[in-house]
Amino acid sequence: MVLLVYPFIFFFYALALVLKLLRLKNAGNFSCIAALITNAAALVLITISSGHLPLFELFESFLLTTFILGILLLFSIVHGKGFIRKNPYAGPDIRPDIRPDAGTWVLLEILFLLSVTLFFPKTASPSVYDHDNIYILFFFFFRIISLGTILFSSAQFIQFRREPQKGKYKNNLLQQGRNFLLLGTLLFLISEYAGIIWCQNGWGDFWHWNAGFFQSALIVFYLMIFFHIPPDSNKKSEGIRSVIGGMSGLFMAVCIILRHV
């Protein structure tokens with residue numbers, strides 16, 4: 001059943017991207033809502049068929065990540081300040097401004113995650129006894145929310161780098177990018193803390209050096225680089241931070257993908 005819904009998730013998110021580039025706001029919002037509904041339907045089907053939350057395999061976890069990104073996108077379109085560039089010259093006789101905004105990058109990130117899932121099995125993780133362990137659930141759940149939040153932050157940093165004009169819109173992008181990256185980092189640290197307790201209870205030690213733990217350490221070190229860049233008067237640090245922040249979502253996604261290869 002999931003495979004019947006899966007192509008529609010692709011279609012509606014891709015359609016939302018095209019409509020956004022054409023600045024057809026209402027149609028794009030409806031397409032985002034349709035994408036979220038089909039995305040949610042796929043997650044419900046996975047949960048029912050597997051008997052556990054869609055957290056463990058890359059296919060199911062990335063579908064949950066795209067759902068989180070879609071919710072953040074739709075919420076920002078409706079309520080966010082500075083998330084979408086407004087064209088002051090828009091009118092019936094003026095061509096729409098098809099330059100990308102932060103929402104465009106979010107949709108591209110969603111399509112990237114969905115494209116990655118094409119190369120992995122389209123099945124849920126088999127239900128096993130430890131899927132009910134609260135610390136295991138917290139470890140995977142907060143990691144997925146962290147990935148979605150950091151990808152959302154990256155979209156705003158990318159647009160900050162591309163925005164040529166200084167002003168409120170650009171300042172809001174930088175501020176929201178920092179806030180969401182901080183939130184994503186805190187969620188990731190919560191995930192790691194749950195993983196520590198999981199390891200302590202399961203193996204009697206909170207750290208075993210392997211590829212998974214090494215990749216987690218790399219993610220933490222990468223995020224700490226962003227927060228430890230000192231400010232300066234000529235704002236060069238803003239440019240460096242925006243580059244690191246813009247790449248943070250991709251870096252974390254690649255680390256998670258390598259864990260499943």
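Each reported figure results from applying straightforward, stated rules to the coordinates on display, with no laboratory input. Everything quoted here is computed from the prediction, not taken from an experiment. Because the Cβ atoms are built from the backbone with ideal geometry, glycine has one as well, and the counts that use them run over all protein chains shown.
Any idea what angle helix 236-260 forms with the longest principal axis of the chain, computed on alpha-carbon atoms, 0 to 90 degrees, nearest 10?
On a 0 to 90 degree scale, this one is about 40.
Report the FRET efficiency, 1/(1 + (r/R0)^6), for L189 and L22, where r is their Cβ-Cβ distance and R0 is 41 Å, rounded to 0.05.
Plugging the Cβ-Cβ distance into 1/(1 + (r/R0)^6) gives 0.55.
Given q = 0.17 Å⁻¹, what are the Debye log10 I(q)/I(0) values for the chain, with equal point scatterers placed on the Cα positions and solvent ignored?
Rounded to two decimals, the profile gives -1.33.
Using the per-residue mean of other Cβ atoms lying within 10 Å as a proxy for protection, in what order, highest first, do the peptides 56-69, 34-47 fall?
Numbers: 56-69: 23.3, 34-47: 19.9.
So the peptides 56-69, 34-47, ranked by packing, come out 56-69, 34-47.
Search the structure for amide H atoms under 5 Å from the amide H of E57, placed 1.01 Å from N in the peptide plane, and list their residues when 5 or more places away or on another chain.
Answer set, sorted by chain and number: S125.
Arranged by the count of other C-beta atoms within 10 angstrom, fewest first, what order do D101, D232 take?
D232, D101
Using alpha carbons only, how many degrees (0 to 90, rounded to 10) separate the axis of helix 168-203 from the longest principal axis of the chain?
0 degrees
On a C-alpha basis, how far is the centre of the range 1-74 from the centre of the range 227-247 in Å? Whole number, if you could?
The range 1-74 and the range 227-247 have Cα centres spaced 33 Å from each other.
Taking 0.36 nm per residue of separation and subtracting the Cα-Cα distance, what length does fully extending Y222 through A14 add?
Extra length available between Y222 and A14 comes to 71.8 nm.
At R0 = 35 Å, how high is the FRET efficiency between K166 and Q200 if r is their beta carbon distance? Nearest 0.05 is fine.
Calculated value: 0.10.
Most exposed first by the Cβ proxy, i.e. fewest other Cβ within 10 Å, how do R143, R178, R259 rank?
Listed from fewest to most nearby Cβ atoms, that is R259, R178, R143.
Compute the length gained on full extension between M247 and R259: take 0.36 nm times their separation in residues and subtract their Cα-Cα distance, giving the result in nm to one decimal.
Length difference between fully extended and current span is 2.5 nm.
Scan around R23 for amide H atoms under 5 Å from its own, H built in the peptide plane at 1.01 Å from N, and keep only partners 5 or more places away or cross-chain.
Result for R23 returns nothing.
Determine, for W105, W198, the number of other Cβ atoms within 10 Å of each Cβ, and report the residues in order from fewest to most.
Neighbour counts put them in this order, fewest first: W198, W105.
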